[in-house]
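The values are calculated or read from the model by the stated rules, or taken from the named source; none is laboratory data. Everything quoted here is computed from the prediction, not taken from an experiment. Every residue, glycine as well, gets a Cβ built from its backbone with ideal geometry; the counts of neighbours run over all protein chains shown. Note: areas computed on protein heavy atoms with side chains; ligands, DNA, RNA excluded. Shrake-Rupley method; radii C 1.70, N 1.55, O 1.52, S 1.80 Å.
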Amino acid sequence: MRIAVIPARGGSKRIPRKNIRLFCGKPIIVYSIEAALDADVFDQVVVSTDDAEIAEVACKAGADVPFLRPKELADDHTPTVPVIRHAIEWAMANRGKVSAVCCIYSTAPFVTAVHIREAYSKLIDEQVTGYVFTATSFPFPIQRAFRIKGDGCCEMFHPEHYNTRSQDLEDAYQDAGQFYWGLAESYLNDKMFFSTDSKPFLIPRHRVQDIDTLQDWTRAEILWRVLQESERLAKGAGG
């Protein structure tokens, strides 16, 4: 059995009720649920939440909420993997053997069913023993980044690259924060996402936006609308 697990606790602080806040007209968690359902690779799409209102929204969108998450797994400091492990253990005890699992974040409106399917194929075809996770390239060489000191002046993290041309610096990548495919054993054994056993699934930078603040939220909605309009125009030109 392959399952998607969408963690969505109710106590978000920086953006209150973040997981069900309307994003371009519908609760943001619905985008993740719909992508998981449309991917057509899961036997079950589970939302792990401690919140009755989130559970109701998730069920209306077509997800399964077979349990409410224990309070000890729903505080500000709970890592992702224990939450997914709890869902896997519940599924194995109540639904049967679990082979592969995809953790999909609840605030990932740019996630697509196509990417979920393709990443699953990568996990299986390349026999990845860690995880396959979405990633994208940094828009600027990280070797030329600097810190701002207490006196307001700057200091390079890597001053040895002050005169190195940007095109001669190694590319760097970041977690895109959309989904993490893995074998059930990887989650059950608490394996790290970013290990030498894991492989990134690269997506374009214009489909990546962290949503941690209200400013992030506004920027993400603008980007989402631009992408929707671009896709609409592309379909019109193709027709």
Could you give every pair whose Cβ atoms fall below 6 Å, whose first residue belongs to region 219-239 and is modelled with pLDDT under 95 and surrounded by 10 or more Cβ atoms within 10 Å (Cβ to Cβ), and whose second residue is of a type in the set (A, V, I, L, M) and part of a helix (DSSP H, G or I), counting only separations of at least 6 or pairs across chains?
none
Go through (1) within 30 Å of LEU123 (Cα to Cα); (2) hydrophobic (A, V, I, L, M, F, W, C); (3) out of contact with any strand residue (DSSP E or B) (no Cβ under 6 Å at 6 or more places or on another chain) one by one and return the number of the condition CYS24 breaks.
(1)
Go through region 206-216 residue by residue and tally those that are part of a helix (DSSP H, G or I) and under 15 Å from PHE110 (Cβ atoms).
3
Inspect region 10-27 for any residue being part of a loop (DSSP other than H, G, I, E, B), open to solvent by 10 Å² or more (accessible area, probe 1.4 Å), in contact (Cβ under 8 Å) with a residue 12 or more places away in the chain and under 23 Å from TRP90 (Cβ atoms) and give the result as yes or no.
yes
Are any of the residues in region 80-90 buried (at least 17 other Cβ atoms within 10 Å of the Cβ) and not in a helix (DSSP H, G or I)?
no
Just give me the residues in region 164-206 being more than 19 Å from ILE84 (Cβ to Cβ), under 13 Å from the mean Cα position of the chain (by Cα) and open to solvent by less than 40 Å² (accessible area, probe 1.4 Å), in sequence order.
ILE203
Can you tell me which residues in region 106-126 are open to solvent by 40 Å² or more (accessible area, probe 1.4 Å) and closer than 13 Å to TRP181 by Cβ?
ARG117, GLU118, TYR120, SER121, LYS122, ILE124, ASP125, GLU126
Being open to solvent by 10 Å² or more (accessible area, probe 1.4 Å) and not hydroxyl-bearing (Ser, Thr, Tyr) narrows it down to one residue among CYS154, CYS102; which is it?
CYS154
Please work out which residue is least open to solvent (accessible area, probe 1.4 Å), limiting yourself to region 207-217 and to residues that are charged (D, E, K, R) and free of Cβ contacts under 8 Å to residues at least 60 places away in the same chain.
ASP216
Do you know which of the residues in region 46-65 that are part of a helix (DSSP H, G or I), aliphatic (A, V, I, L, M) and out of contact with any Ser or Thr (no Cβ under 6 Å at 6 or more places or on another chain) is most open to solvent (accessible area, probe 1.4 Å)?
ALA52
Note: among GLU155, GLU170, just one is among the charged types (D, E, K, R), out of contact with any Ser or Thr (no Cβ under 8 Å at 6 or more places or on another chain) and within 29 Å of PHE193 (Cα to Cα), namely GLU170
Within region 55-111, track down each residue that is touching a helix residue (DSSP H, G or I) at 6+ places or on another chain (Cβ under 6 Å) and among the basic types (Lys, Arg).
ARG85
Return a yes/no flag: does region 196-219 have any residue that is touching a Cys at 6+ places or on another chain (Cβ under 9 Å) and among the charged types (D, E, K, R).
no
Go through (1) open to solvent by less than 30 Å² (accessible area, probe 1.4 Å); (2) more than 22 Å from TYR131 (Cα to Cα) one by one and return the number of the condition LEU68 breaks.
(1)
